[in-house]
Amino acid sequence: MGYRFVKAFEFNFNFGTLLSVDFSSYCEGSGLINLTEEVFYEIRDCINVRGIPSLIWFKGITDSITHSNFKLITKMIRTIYPNQKIGIYLNCGIFQDKEARNVFNGCDLVAINLNTVDHFHFSKINKCPESIEPKNVLEGILKFSKKFKGKLGIYTMFLKGLNDTVINVEKLKEFLLDVMPDHYSVSNYTLDGFEPISEEFKKELRELLEDLPFKVIFMF
């Protein structure tokens, strides 16, 4: 496509046609002054060529991408496409920020990556800044879930040797029952030298999660 931020326009089994926007290529000092305008231009241009998608899906938002950027982009989108559905995939660490929670409240779909609720090595396992406070993150997610009117998903990546334990799953399950997301997805992280989780653990995982009162998606 020749875009910097728009990465795909494709059919997704769960969402229909999906326009994927990834902020990962942006970093402060990269020379891009008008981030908001650039992203919106790419989205509008892609829609003009390919048509209106079922969902515009954002990911890669970090502390380098301000909440006001995202809020303004979504406002610009809905000014032209008032019925456009917007979704976003976020690291759990963002949810300790009340202002951020309020911004993402306007989405139709929010997916949160949460790999453990255990405070021990919380930042490492969840791949978020060391400065975050686990207690504040979990309380923030819970507060968000009670106020959010769209669809909420929680995503867990299991990393062999780090969070692939029954105890971790049981603690996650307890937290999920408080949050009550619309769906919970689990996957197996095998990048950065990680080996696949064992077949035995996959079996235990299915058994532990089978009685949850919402949809559970196994992505392995």
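Quick one: is Val179 under 14 Å from Asn113 (Cα atoms) and touching a Cys at 6+ places or on another chain (Cβ under 8 Å)?
no
Looking for something without any contact (Cβ under 8 Å) to a residue 24 or more places away in the chain, farther than 17 Å from Gly140 by Cβ, buried (at least 16 other Cβ atoms within 10 Å of the Cβ) and charged (D, E, K, R) - is there at least one such residue anywhere in the range 23-42?
No.
Which of the residues spanning the range 43-62 are touching a Lys or Arg at 6+ places or on another chain (Cβ under 9 Å) and surrounded by fewer than 17 Cβ atoms within 10 Å (Cβ to Cβ)?
Of everything in the range 43-62, just one residue is touching a Lys or Arg at 6+ places or on another chain (Cβ under 9 Å) and surrounded by fewer than 17 Cβ atoms within 10 Å (Cβ to Cβ), namely Ser54.
Search the range 67-93 for residues being out of contact with any Phe, Trp or Tyr (no Cβ under 8 Å at 6 or more places or on another chain) and of a type in the set (A, V, I, L, M), and hand back the single one that is nearest to Ile154 (Cα to Cα).
Looking at residues that are out of contact with any Phe, Trp or Tyr (no Cβ under 8 Å at 6 or more places or on another chain) and of a type in the set (A, V, I, L, M), I get Leu72.
Please go through the range 40-91 and give me each residue that is of a type outside the set (Phe, Trp, Tyr), in a strand (DSSP E or B) and in contact with a helix residue (DSSP H, G or I) (Cβ under 9 Å, 6 or more places away or on another chain), ordered by number.
Matches in the range 40-91: Ile56, Lys59, Ile86, Ile88, Leu90, Asn91.
Results for (1) assigned to a loop (DSSP other than H, G, I, E, B); (2) acidic (Asp, Glu), shown as yes or no for each residue.
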residue	(1), (2)
Pro129	yes, no
Ile141	no, no
Leu152	no, no
Ile167	no, no
Glu170	no, yes
Gly193	yes, no
Ile197	yes, no
Leu212	yes, no
Val216	no, no
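Only one of (1) over 28 Å from Leu109 (Cβ atoms); (2) part of a loop (DSSP other than H, G, I, E, B); (3) out of contact with any strand residue (DSSP E or B) (no Cβ under 8 Å at 6 or more places or on another chain) is not met by Lys203, so which one is it?
Going through the list (1) over 28 Å from Leu109 (Cβ atoms); (2) part of a loop (DSSP other than H, G, I, E, B); (3) out of contact with any strand residue (DSSP E or B) (no Cβ under 8 Å at 6 or more places or on another chain), Lys203 breaks only (2).
If Phe214 satisfies every condition in (1) touching a Ser or Thr at 6+ places or on another chain (Cβ under 8 Å); (2) over 16 Å from Cys92 (Cβ atoms); (3) of a type in the set (Phe, Trp, Tyr); (4) surrounded by 15 or more Cβ atoms within 10 Å (Cβ to Cβ) but one, which is the exception?
(1)
Cβ-Cβ below 8 Å, separation at least six or inter-chain, first residue in the range 162-173 and under 17 Å from Lys203 (Cβ atoms), second among the aromatic types (Phe, Trp, Tyr) and buried (at least 16 other Cβ atoms within 10 Å of the Cβ): which pairs?
Asp164/Phe158; Asp164/Phe201
Cβ contacts < 8 Å: first residue more than 9 Å from Phe220 (Cβ to Cβ), restricted to the range 193-206; second residue among the hydrophobic types (A, V, I, L, M, F, W, C) and assigned to a helix (DSSP H, G or I), any location; separation 6+ or different chain. Result?
Filtered contacts from the range 193-206: Glu204/Val166; Glu204/Val169; Leu205/Val169.
For the range 33-69, give me each residue that is within 14 Å of the chain's Cα centre (by Cα) and either at pLDDT below 95 or among the aromatic types (Phe, Trp, Tyr) (or both).
Trp57, Phe58, Lys59, Gly60, Ile61, Thr62
Has the range 71-89 got at least one residue that is under 30 Å from Val166 (Cβ atoms) and touching a strand residue (DSSP E or B) at 6+ places or on another chain (Cβ under 7 Å)?
Scanning the range 71-89, I find at least one residue that is under 30 Å from Val166 (Cβ atoms) and touching a strand residue (DSSP E or B) at 6+ places or on another chain (Cβ under 7 Å), so the answer is yes.
Can you find a residue in the range 148-170 that is of a type in the set (D, E, K, R), farther than 27 Å from Asn105 by Cα and surrounded by 14 or more Cβ atoms within 10 Å (Cβ to Cβ)?
Step one: of the range 148-170, the residues of a type in the set (D, E, K, R) are 149, 151, 160, 164, 170.
Pick out the ones that are also farther than 27 Å from Asn105 by Cα and you get 160, 164, 170.
Keeping just the survivors that are surrounded by 14 or more Cβ atoms within 10 Å (Cβ to Cβ) gives 160, 164.
Yes, the range 148-170 contains at least one residue that is of a type in the set (D, E, K, R), farther than 27 Å from Asn105 by Cα and surrounded by 14 or more Cβ atoms within 10 Å (Cβ to Cβ).
Just name the residue that is surrounded by the most Cβ atoms within 10 Å (Cβ to Cβ) out of those in the range 92-108 that are of a type in the set (S, T, N, Q) and either in a helix (DSSP H, G or I) or at pLDDT 95 or above (or both).
For the range 92-108, the residue satisfying everything is Gln96.
The values are calculated or read from the model by the stated rules, or taken from the named source; none is laboratory data. This one's a predicted model, so the numbers in the text were calculated from it and none came from an experiment. Note: ideal-geometry Cβ built from the backbone for every residue, glycine included; neighbour counts use all protein chains shown.
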